[in-house]
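> Attaching a single structure in structure tokens format; questions to follow.
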Amino acid sequence: MRRLLLIWLLLTGVGLFINSCGLNEKTDVMLECPSPSGKKIATLYRVSTGDRPGDQEMKINVRPVKSAFDHGMHSFSFRHGYDALIYWRSDHDMRIEYPEYSEITEQEHVIFGTSQTFSSTDTIKVTYQETPSEHGYFMVEQRCFN
């Protein structure tokens, strides 16, 4: 009986460890939006750890178009909203609109090159705007503007 209890505790611990390490995460790319020159790209993606709304987080990764997408690198993330509108004003200036009442979990106002594989002098100024939405979604066809 003790041996069964020990095995059960061990298996439970391994399961908790695997879940806490993010091995249960699923990443879905929702949209990619190139900058006006086409040299940079913003990717909106969802990271899910379960089926509940609180188990999903939307993130935006900005990188040179030639660099591989890395779901671990992001400049903006939020929960309780499932959409975003990306406006590139230039290769160094962008606006991101996110659904009203979203919970912001990460927000960088300047993306420095070293954090997203740009050169250290290549920065992007980012402004954010909370926008009314229908249940966390925007009812528009176009989500990428440059």
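> Excluding residues fewer than 8 places away in the same chain, name every one of the lysines whose C-alpha is closer than 25 Å to that of Lys39.
Hits, sequence-local ones excluded: Lys59, Lys66, Lys125.
> Can you compute 3J(HN,Hα) from phi for each residue in the stretch 59-64, using the Karplus curve 6.51 cos²θ - 1.76 cosθ + 1.60 with θ = phi - 60°, rounded to whole Hz and x for Gly and Pro?
Ordered by residue, 3J(HN,Hα) equals 9, 10, 10, 10, 7, x Hz.
> What is the distance, in nm, between label points placed 7 Å from the Cα along the Cα-to-Cβ direction at Cys144 and at Met30?
Computed distance between label sites Cys144 and Met30 equals 1.5 nm.
> Taking the Cα-to-Cβ direction at Thr49 and at Glu108 and moving 7 Å from each Cα, how far apart do the two end points lie in nm?
Reported label-point gap for Thr49 and Glu108 is 2.1 nm.
> In Å, what Rg and Dmax follow from the Cα atoms of the stretch 25-145?
13.6, 40
Quick note: the coordinates plus some simple rules give every number you see, no bench work behind them. Keep in mind that what you see is a predicted model, and the values were worked out from it rather than measured. Quick reminder, even Gly has a Cβ in these numbers, built from the backbone with ideal geometry, and neighbours come from all protein chains shown.
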